[in-house]
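What follows is a short report on a single structure.
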């Protein structure tokens, strides 16, 4: 990476016409804003379809895309939908919050209308569509089958399905393929449109010199097509029940630890086939994004597993992960990888060594830098070039809220450290952002809410809570040219304006010819 900067802004938080951000005109407008602001990167959250709780980190598939991100206006322009068919549906009335209940009840029904017209025109027989289905065969058919079964069982987890469907009995799946052929074809169509629209957006971004940083969770969800279709990847017993699940050990913040409940990977079994499931997952991710941020990167070094059925995480144990053997296999299959390692949390000598051995940049979060010790690992004088500095992430409150809510000591220390004499919290936030830009880190990422000096109402996620997360949205037409100019000024002042790679002597000679 060169010395550059970008903005963290979830796709779901984009303004748009029908209830949630998507690959609509507003996404293209935001790419233009990034370009004008001198930003090279747009960081988003995971693209996967969300399940119960609406978290993009508990996706029902590690390969599929979120149907909610398919732009309905584009489908209208293609003649697959009519304006009345969309305008008369309830997708949520609050422009500043996503109403997932309204989307769940109405979004897929509108997409089914579009699919009907797509098929009536014979477009499902087009070479473009058939090539997509063939190319994505490893995951697409299983995903569509899984979603059809989800409908059959009215949303129940696959672990509660009838035995034949749960255990993927070939005769049962064959019967399902006939009985619910339309439903299966529909979910394939939605994934085709998701990939088609995202591909077009990425092409536009590339032309504007903007790269998309995507995000993939470390763990898969238990209630997911991945666990149902590939039980060999996880530590399940002969009855497809997890033997252990993921969590976090007890610490000062939680006496009983954290019980996440995700199934644990069977790394020994995966090693025997060269980690093929993970390699396919990473390869698919690069079809959707330019740079991958891997959540919970330290899990590749060491993870915590808890006996299945325990009500707390107290009886868990730490287990060594696959380490460099995994990343060597990745590189052998896929070549050099652009990956950002989310190495936050407990940092050990072995996790530091793994990060160094991979060569991937880790993360530094400024909100973690100012504490009672006044010597935090996250202070900017402890940063190196090969890292990514953030003011905060999607799991943090906004910097405005942090400044308002932190202790007097931490606020005063931050004020002294960044040399801010601003008593106005809005200006204080911009001084905070300026400190991130000042960091030696090659890449600086700032959540859009910080540039807008938003308070806690704009927080994306508060870990350990449910009901109000992943909902914040930007008001339409809220971003201004003046803001883009101000952000570009920061990038220019601190040497982060986009640069083109230097040409080699050979390349320069060819160019002259």
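The values are calculated or read from the model by the stated rules, or taken from the named source; none is laboratory data. This is a predicted model, so every value here is computed, not measured. Cβ coordinates were reconstructed from backbone atoms using ideal geometry, including for glycine residues, and neighbour counts include every protein chain displayed.
Report, by residue number, each residue of the range 346-366 that is buried (at least 17 other Cβ atoms within 10 Å of the Cβ) and either modelled with pLDDT under 95 or within 19 Å of residue 251 (Cβ to Cβ) (or both).
351, 365
Could you please find all residues in the range 323-345 being buried (at least 20 other Cβ atoms within 10 Å of the Cβ) and under 23 Å from residue 261 (Cα atoms)?
341, 342, 343
Consider the range 395-417. How many of its residues are assigned to a loop (DSSP other than H, G, I, E, B), more than 16 Å from residue 364 (Cβ to Cβ) and under 26 Å from the mean Cα position of the chain (by Cα)?
Qualifying residue count for the region: 2.
Please pick out the residue among 389, 319 that is assigned to a strand (DSSP E or B) and touching a helix residue (DSSP H, G or I) at 6+ places or on another chain (Cβ under 7 Å).
Result of the check over 389, 319: 389.
Any chance the range 347-358 includes a residue that's at negative phi, assigned to a helix (DSSP H, G or I), in contact (Cβ under 8 Å) with a residue 60 or more places away in the chain and in contact with a strand residue (DSSP E or B) (Cβ under 8 Å, 6 or more places away or on another chain)?
So far as the range 347-358 goes, no, none of its residues is at negative phi, assigned to a helix (DSSP H, G or I), in contact (Cβ under 8 Å) with a residue 60 or more places away in the chain and in contact with a strand residue (DSSP E or B) (Cβ under 8 Å, 6 or more places away or on another chain).
Do you know which residues across the range 275-307 are in a strand (DSSP E or B), within 15 Å of the chain's Cα centre (by Cα) and over 24 Å from residue 389 (Cα atoms)?
Within the range 275-307, none qualify.
Where in the range 418-513 are there helices (runs of 4 or more DSSP H), lying fully within it, with 1 or more residues that are buried (at least 21 other Cβ atoms within 10 Å of the Cβ) and either touching a helix residue (DSSP H, G or I) at 6+ places or on another chain (Cβ under 7 Å) or modelled with pLDDT under 95 (or both)?
Result: 425-438, 448-451, 481-493.
Where in the range 1-98 are there helices (runs of 4 or more DSSP H), lying wholly inside it, with at least 3 residues that are touching a helix residue (DSSP H, G or I) at 6+ places or on another chain (Cβ under 6 Å), surrounded by fewer than 24 Cβ atoms within 10 Å (Cβ to Cβ) and in contact (Cβ under 8 Å) with a residue 24 or more places away in the chain?
Helices (runs of 4 or more DSSP H) meeting the threshold: 25-36.
Out of the residues in the range 186-217 that are closer than 18 Å to residue 64 by Cβ and outside any helix (DSSP H, G or I), state the one that is farthest from the chain's Cα centre (by Cα).
Here the residue is 212.
Name the one entry in 395, 371 that is out of contact with any helix residue (DSSP H, G or I) (no Cβ under 8 Å at 6 or more places or on another chain) and surrounded by fewer than 22 Cβ atoms within 10 Å (Cβ to Cβ).
395
Within the range 99-113, can you find the residues that are assigned to a helix (DSSP H, G or I), within 27 Å of the chain's Cα centre (by Cα) and surrounded by 13 or more Cβ atoms within 10 Å (Cβ to Cβ)?
Once the filter is applied, which keeps residues that are assigned to a helix (DSSP H, G or I), within 27 Å of the chain's Cα centre (by Cα) and surrounded by 13 or more Cβ atoms within 10 Å (Cβ to Cβ), the range 99-113 yields 100, 102, 103, 104, 105, 106, 107, 108, 110, 111, 112.
Please work out which one of (1) within 30 Å of residue 35 (Cβ to Cβ); (2) surrounded by 20 or more Cβ atoms within 10 Å (Cβ to Cβ); (3) touching a helix residue (DSSP H, G or I) at 6+ places or on another chain (Cβ under 9 Å) is the condition residue 217 fails and give its number.
(3)
Mind checking which residues of the range 15-50 are under 22 Å from residue 469 (Cα atoms) and in contact with a strand residue (DSSP E or B) (Cβ under 7 Å, 6 or more places away or on another chain)?
42, 43, 44, 45, 46, 47, 48, 49, 50
Out of 182, 165, which single residue is more than 29 Å from the chain's Cα centre (by Cα) and under 18 Å from residue 117 (Cβ atoms)?
182
Does residue 244 meet the test of being touching a residue at least 12 places away in the same chain (Cβ under 8 Å) and closer than 30 Å to residue 313 by Cα?
Yes: the conditions hold for residue 244.
Quick one: in the range 116-127, of everything that is free of Cβ contacts under 8 Å to residues at least 12 places away in the same chain and part of a helix (DSSP H, G or I), which residue is surrounded by the fewest Cβ atoms within 10 Å (Cβ to Cβ)?
Step by step, filter the range 116-127, then rank; the result is 127.
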